[in-house]
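Below is one structure, written out as structure tokens; the observations come after it.
The values are calculated or read from the model by the stated rules, or taken from the named source; none is laboratory data. Worth saying up front: this structure is predicted, and the values here are computed from it rather than measured. Note that we place each Cβ from the backbone using ideal geometry, even for glycine, and neighbour counts take in every protein chain shown.
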Amino acid sequence: MHDYNDYQLHYQKLSFEDKLRKYRMEYVAEYLKTIKSRKILEIGCGNDPIHFYFIDFDVLDLIEPGKHFYEFTKSKVANDSRISIQNCFLEEANIPANSDYDVIIIGGFLHEIDNPEEVLAAVKNVANLKTIVITYVPNANSFHRVLALEAGLIKSNYEFSENDKAFGRRNVFNLESIQFLFKQSGFTTVKSDTYFIKPFTHGQMNELMESSFLSDEILKGFFNMGKYIPDMGCEIFLSAQISK
């Protein structure tokens, strides 16, 4: 069982994670602009839901099981009548089957749980054939993992890093394995790629930020470098639909 209280504490301590989260959500927001995104369900929104980056929607339903994240986010969305939030897991939420969502966003947690297949089954239950399902997870073939492997610092790029251990993560995906998970769960991939070239671990990136070496310009450069080595970004983005 995932310890959401412990997760929330670790999540708030990482300064580089704050920067990466911004690029992550901006990447998702740019994708939402390319598809129909009038009615959105976001599962596991944390303290940084999509509406901080994308506001062109009619309805946004949020689900967040962590009490602290829920209370923080609820306070931020209270004045927007388009947005609702529930403090529960998807399986417990008040959402009918085959709902009319254009988009369902699965926050970056499929790698942190023992039962990603059950989550995808629950998502499939509330989606329809036109719904675009989006998720993002760390990439086993991230530049920094491959560098550590080739330097002899790790035996496999699928090893759990210190950051993985801090967050209690259960799985390490690559592009093929996350697509396979969705395929086995009854989905067809629409788009899958990676973003943000991270040369070092989260801890090392934090140290470089604290020393003022990593400026916003350099961080933006790491994000833009993804087009040169498209499979080695530190996180995977995937969108999919129910297989017909």
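Would you check if there is a residue in segment 208-228 being closer than 23 Å to Y31 by Cα and assigned to a loop (DSSP other than H, G, I, E, B)? So far as segment 208-228 goes, yes, one or more of its residues are closer than 23 Å to Y31 by Cα and assigned to a loop (DSSP other than H, G, I, E, B).
Scanning segment 186-235 for residues that are within 23 Å of L32 (Cα to Cα) and in contact with a Leu (Cβ under 6 Å, 6 or more places away or on another chain) yields a single hit, S192. A Cβ distance below 7 Å, combined with a sequence gap of six or more or placement on separate chains, defines the contacts here; from segment 63-85, residues that are more than 12 Å from P49 (Cα to Cα) reach residues that are exposed (fewer than 14 other Cβ atoms within 10 Å of the Cβ) in the pairs P65/C88; R82/D58.
Given the criteria surrounded by fewer than 18 Cβ atoms within 10 Å (Cβ to Cβ), more than 18 Å from the chain's Cα centre (by Cα) and at pLDDT 95 or above, does K67 qualify? No. Here is the figure for segment 33-44: residues that are part of a strand (DSSP E or B) and among the β-branched types (V, I, T) total 2. Among all positions in segment 195-213, there is at least one residue which is on the phi < 0 side of the Ramachandran plot and in contact with a strand residue (DSSP E or B) (Cβ under 9 Å, 6 or more places away or on another chain).
Checking the condition of a type outside the set (D, E, K, R) and in contact with a Cys (Cβ under 9 Å, 6 or more places away or on another chain), which residue from I197, I218 passes?
Working: I218 fails: in contact with a Cys (Cβ under 9 Å, 6 or more places away or on another chain).
Only one candidate qualifies: I197.
Every test in (1) touching a residue at least 12 places away in the same chain (Cβ under 8 Å); (2) out of contact with any strand residue (DSSP E or B) (no Cβ under 7 Å at 6 or more places or on another chain); (3) farther than 25 Å from R24 by Cα is passed by A121 save one, and that test is (3). Only one of these conditions is not met by L129: (1) surrounded by fewer than 17 Cβ atoms within 10 Å (Cβ to Cβ); (2) in contact with a strand residue (DSSP E or B) (Cβ under 7 Å, 6 or more places away or on another chain); (3) within 27 Å of F223 (Cα to Cα). Which number is it? Going through the list (1) surrounded by fewer than 17 Cβ atoms within 10 Å (Cβ to Cβ); (2) in contact with a strand residue (DSSP E or B) (Cβ under 7 Å, 6 or more places away or on another chain); (3) within 27 Å of F223 (Cα to Cα), L129 breaks only (3).
For (1) farther than 26 Å from E17 by Cα; (2) not in a loop (DSSP other than H, G, I, E, B), each residue gets a yes or a no:
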position	(1), (2)
G46	no, no
N79	yes, no
P138	no, yes
K155	no, no
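Among the residues of segment 101-118, just one is more than 14 Å from the chain's Cα centre (by Cα) and β-branched (V, I, T), namely V103. Tell me which residues, restricted to segment 1-58, are of a type in the set (A, V, I, L, M) and modelled with pLDDT of 90 or more. Hits for segment 1-58 are L20, M25, V28, A29, L32, I35, I40, L41, I43, I50, I55. Within segment 92-120, the set of residues being surrounded by fewer than 17 Cβ atoms within 10 Å (Cβ to Cβ) and of a type in the set (S, T, Y) comprises S99 only.
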